[in-house]
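Working notes for the structure below.
The values are calculated or read from the model by the stated rules, or taken from the named source; none is laboratory data. Here the structure is a predicted model, which is why all the values come from computation and not from measurement. Cβ coordinates were reconstructed from backbone atoms using ideal geometry, including for glycine residues, and neighbour counts include every protein chain displayed.
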Amino acid sequence: MPATEILNRDRQINDHLIRDHLVQRRQRLAAVVDPPRHPDLTRLLLSVDSALERLAQGDWGACAVCHEPVESDRLLADPLVSVCLGCLTPEQRRALEHDLETAARIQAALLPPPRVERSGWEIARVYEPLGTVSGDYVDVVEPADGEGTLIAFGDVAGKGVAAAMVMSQLHALLRSLIRLELPLPELMERTNALLLASTTASSYATLVVARLGDDGALEIANGGHLPPLVVHAEGVRPLPITGVPVGLLPEVRFQTLETRMEPGETLLLFTDGLSEAPDAAGSEFGPRRVGATAARHHGAAAPAMLATLRNDLDAFLSGSPRVDDLSLMAVRRR
């Protein structure tokens with residue numbers, strides 16, 4: 001199928017999903033709106049009607065001022081947006097900047113500390129959004145029963161505000177489900193089902209969830225994410241993917257891998273903001289370079305290994321800007 005036909009098909013699917021979402025929103029609003037008593041809700045209802053009209057006319061997603069396309073991440077976050085960033089008034093820009101700053105503070109509060117110690121494990125993370133907020137997911141959770149620390153690491157499809165909203169939703173889902181003390185496969189399956197039911201078709205995430213045993217046991221489920229690396233004295237060993245990304249397909253099953261980490265070994269997780277980072281010539285940092293750098297520093301503390309990777313990335317980029325969110329996690333058996 002030619003690329004133009006694929007793009008047109010995807011656009012039609014997205015428009016159909018957006019239309020269904022807006023129709024449902026309108027029905028809920030119409031059921032409660034009393035114009036004299038609810039002027040704000042009445043204005044929201046009119047905005048929904050306006051968006052539905054633009055969809056019917058085929059100009060939804062175009063700026064009402066300059067008629068250029070509105071930024072896709074803003075449309076995914078809010079289908080009612082009708083003005084691009086370049087056409088916002090100064091007051092609207094200040095309001096948007098304030099909202100983004102608030103979102104960044106909220107997202108930062110969801111992150112674990114940069115370094116965590118748990119029952120013979122040392123866990124460190126690096127979290128660097130490309131913009132104000134990120135679609136990467138990094139978490140460390142201590143279950144209520146105290147049986148094995150859980151780590152979660154993932155990457156939501158897309159960038160910007162829309163991806164960050166799905167990331168916070170994924171964080172809330174997993175935190176709630178972990179309280180049920182489910183086996184890892186069932187935890188992944190329920191997360192997949194709930195995310196699929198509560199987001200649009202374009203909203204999905206790669207996700208790794210692992211349970212760390214006090215004796216070095218590691219149980220890990222990988223839903224479509226880049227293979228984590230076990231870093232040891234002889235080099236690195238990638239751990240395979242065990243399922244598809246969450247929120248992508250219904251009724252999927254996940255498997256787990258069980259292994260044991262020896263003292264001094266490190267589990268390294270990273271997003272494609274590291275492995276696919278391009279230099280000025282377009283060459284990518286690459287998973288091989290990630291593994292080689294980690295292997296050279298296999299005995300290092302978790303924060304030191306991440307600092308080395310981060311420094312090697314900067315040296316590779318040689319001043320070229322990053323093009324994606326960047327997240328790293330090192331889990332070292334002490």
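What to note about this one:
- Residues located in segment 230-269, provided they are hydrophobic (A, V, I, L, M, F, W, C), in a strand (DSSP E or B) and touching a helix residue (DSSP H, G or I) at 6+ places or on another chain (Cβ under 6 Å): V231, V236, V246, L268
The rows are residues; the columns are (1) at pLDDT 85 or above; (2) part of a loop (DSSP other than H, G, I, E, B).
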{"residue": "R54", "(1), (2)": "no, no"}
{"residue": "C66", "(1), (2)": "yes, yes"}
{"residue": "Q92", "(1), (2)": "no, no"}
{"residue": "A109", "(1), (2)": "yes, no"}
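- Take the conditions (1) in contact with a helix residue (DSSP H, G or I) (Cβ under 7 Å, 6 or more places away or on another chain); (2) at pLDDT 95 or above; N222 misses just one of them, which is (1).
- Single unsatisfied condition, D325 versus (1) over 21 Å from the mean Cα position of the chain (by Cα); (2) surrounded by 14 or more Cβ atoms within 10 Å (Cβ to Cβ); (3) more than 21 Å from A210 (Cα to Cα): (1)
- Summed over segment 135-159, the residues that are in contact with a strand residue (DSSP E or B) (Cβ under 7 Å, 6 or more places away or on another chain), of a type outside the set (D, E) and in a loop (DSSP other than H, G, I, E, B) give a count of 4.
- Some residue of segment 193-204 being buried (at least 23 other Cβ atoms within 10 Å of the Cβ) and in contact with an Asp or Glu (Cβ under 9 Å, 6 or more places away or on another chain): no
- Counting the residues of segment 229-239 that are among the acidic types (D, E) and surrounded by 19 or more Cβ atoms within 10 Å (Cβ to Cβ) gives 0.
- The condition of being closer than 15 Å to L306 by Cα, among the β-branched types (V, I, T) and buried (at least 16 other Cβ atoms within 10 Å of the Cβ) holds for only one of T242, T271, T256, that being T271.
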